[in-house]
Amino acid sequence: MPEHKITEFFNIYIESFLKRKTIIKNPLYLSDIWIPEQIKHRDRELSLIFQYIAPIIKRFKAPNLLLYGPTGTGKTLSVKYLGKQLDNLSTIKKLLIKHVYVNCRIYGNKSSSLYYILRDILSQLTKKVIKDGIKTTDLINELFSYIQEKDISVLIIFDEIDSLIKNTKEDDFLYLITRDDHVLDRNRLSFIGISNTLDYLKDLDARTLSSLNAIKIGFKPYNALQLYDILKERACLAFEEGVVSDDILRYIAAWVARESGDARKAISILRLAGNLADAESSDRVTMKHVERAIEGYDLDSFISEVETLSTHHKLIVLSILEEQIKLDDHSFVSFTEIYERYTQLCSEYGLRPLSKDSIGKKIKQLETFLGDYMEVYIKSFGKYGRKKVVRINLDKEKAYKVIKFLRDNI
Ligand SMILES: Nc1ncnc2c1ncn2[C@@H]1O[C@H](COP(=O)(O)OP(=O)(O)OP(=O)(O)O)[C@@H](O)[C@H]1O
Ligand SMILES: [Mg+2]
């Protein structure tokens, strides 16, 4: 692009944006980074967590807790809040208690994940950089020596723990959370695990399960009134006064409550609507901005899931969608139909098709990658027997947009 064109775009979009008064005055309050002072509508869950964690204050071992629930139901927020309260209490009462928060997912899908998580825990506790090349067993020994030497009790929070369990040998995990029974004079390690479902527990053997011996606390999706309260606080802090009406907030809350009850989604839609209003130099957020934000959010989040997939995964998604839009009722397509379409697409793109078995496995993986967007189940066709059927939950218009995106990006 010629230099003068770039300068022109810069002036139109960036410079004028900088000069303009925007209706979002503080975007921080519309992000995940900000931790609200008060957590709304999670009294039951927080009181259970505090009740079970209380023994730590007296230096007893607290029971292991597993928090679970759909996305955006305040699980991470609740433990961050708990961590903050524990830190405050330790400072005021000079208690020898520390907490460590680790998000297991950021350590990826590798067998070495546990090693890096342990390094993270140790460096958070000791506030030192851990030298390279140190072995897992040495890390664990160092962790326990530190705890003993400093005479502290530690609460470790493993967020998105399902990814850790899936990626590590169960024994490693068992080792970490139960070894303090044998090594330390008292039980000094307590642990909270967080995940969307408890399905991963099925993958553990009986011995691991019994040593986990965890108390489970479920988080439910928010209803419309609760989402409204959460949005109201954010809107007041993030926007100029009077630019987001209560009707707008109620509309977003009702839409998200019907769809998922996910507070993150509600906040993102509010942010996106605000951005759209700002981009148009509008002096308030209108219903049109909200509707565009809802449409954009849904499509964007699906596309951002599929764009990182491998070529064959993309071809499977494309096969499902192209078969699905042929159906009037937009219902399920069978595995055979998907495979046929997939082989046609492979020849179109000059690729060698993978075997039926591999495609079956990839469809299973897609179930995890695409979450609620994808449904797979066994359907009975009377005398024709039972068949595996698949559906991607997008309406026809969005399906066409995703098909176009995939066709342009394979
Ligand atoms: N009760 C609440 N009050 C205020 N804000 C909330 C509340 N619940 C959730 N939020 C906000 O919604 C967003 C999502 O919450 P959080 O990260 O705790 O969800 P989560 O249950 O951990 O979801 P995931 O399973 O996807 O990790 C965050 O920005 C959080 O601050
Ligand atoms: Mg979370």
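The values are calculated or read from the model by the stated rules, or taken from the named source; none is laboratory data. Owing to the predicted nature of the structure, the values given are computational and were not obtained by experimental measurement. No Cβ is skipped: glycine too gets one built from the backbone with ideal geometry, and neighbour counts run over all protein chains shown. Ligands, DNA and RNA are excluded from the accessible area calculation, which covers all protein heavy atoms including side chains. Shrake-Rupley method; radii C 1.70, N 1.55, O 1.52, S 1.80 Å.
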_Looking only at region 362-383, count every residue that is surrounded by 14 or more Cβ atoms within 10 Å (Cβ to Cβ) and among the basic types (Lys, Arg) and tell me the total._
1
*Based on what the data block shows, is Ile359 among the aliphatic types (A, V, I, L, M) and surrounded by fewer than 18 Cβ atoms within 10 Å (Cβ to Cβ)?*
no
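Table: residues versus (1) in contact (Cβ under 8 Å) with a residue 60 or more places away in the chain; (2) away from ligand 1 (no atom under 13 Å from the Cβ).
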residue	(1), (2)
Ile39	no, no
Glu45	yes, no
Ile57	no, yes
Val102	no, yes
_Odd one out for Arg386, checked against (1) touching a strand residue (DSSP E or B) at 6+ places or on another chain (Cβ under 8 Å); (2) within 17 Å of Leu327 (Cβ to Cβ); (3) of a type in the set (Lys, Arg)_ = (2)
*Looking at (1) modelled with pLDDT under 95; (2) among the polar types (S, T, N, Q); (3) over 28 Å from Thr368 (Cα atoms); (4) open to solvent by less than 40 Å² (accessible area, probe 1.4 Å), find the lone condition where Thr286 falls short.*
(1)
*Residues satisfying the stated conditions in region 326-343, i.e. surrounded by 14 or more Cβ atoms within 10 Å (Cβ to Cβ), modelled with pLDDT of 90 or more and out of contact with any Pro (no Cβ under 7 Å at 6 or more places or on another chain)*: Val333, Ser334, Phe335, Glu337, Ile338, Tyr339, Arg341
*asked:* Can you list the helices (runs of 4 or more DSSP H) lying wholly within region 166-279 that have 1 or more residues being surrounded by fewer than 21 Cβ atoms within 10 Å (Cβ to Cβ) and at pLDDT below 95?
replied: 170-178, 180-183, 206-212, 246-259, 263-279
*helices (runs of 4 or more DSSP H) wholly inside region 35-152 containing at least 2 residues that are within 23 Å of the chain's Cα centre (by Cα) and more than 29 Å from Glu233 (Cα to Cα)*: 113-126
*Might you let me know whether region 71-93 holds any residue that is open to solvent by 80 Å² or more (accessible area, probe 1.4 Å) and touching a helix residue (DSSP H, G or I) at 6+ places or on another chain (Cβ under 9 Å)?*
yes
*Somewhere in region 16-25, is a residue out of contact with any helix residue (DSSP H, G or I) (no Cβ under 9 Å at 6 or more places or on another chain), open to solvent by less than 70 Å² (accessible area, probe 1.4 Å) and in a loop (DSSP other than H, G, I, E, B)?*
no
*For Lys5, which of the numbered conditions (1) more than 10 Å from ligand 1 (Cβ to nearest atom); (2) in a helix (DSSP H, G or I); (3) charged (D, E, K, R); (4) within 28 Å of the chain's Cα centre (by Cα) fails to hold?*
(4)
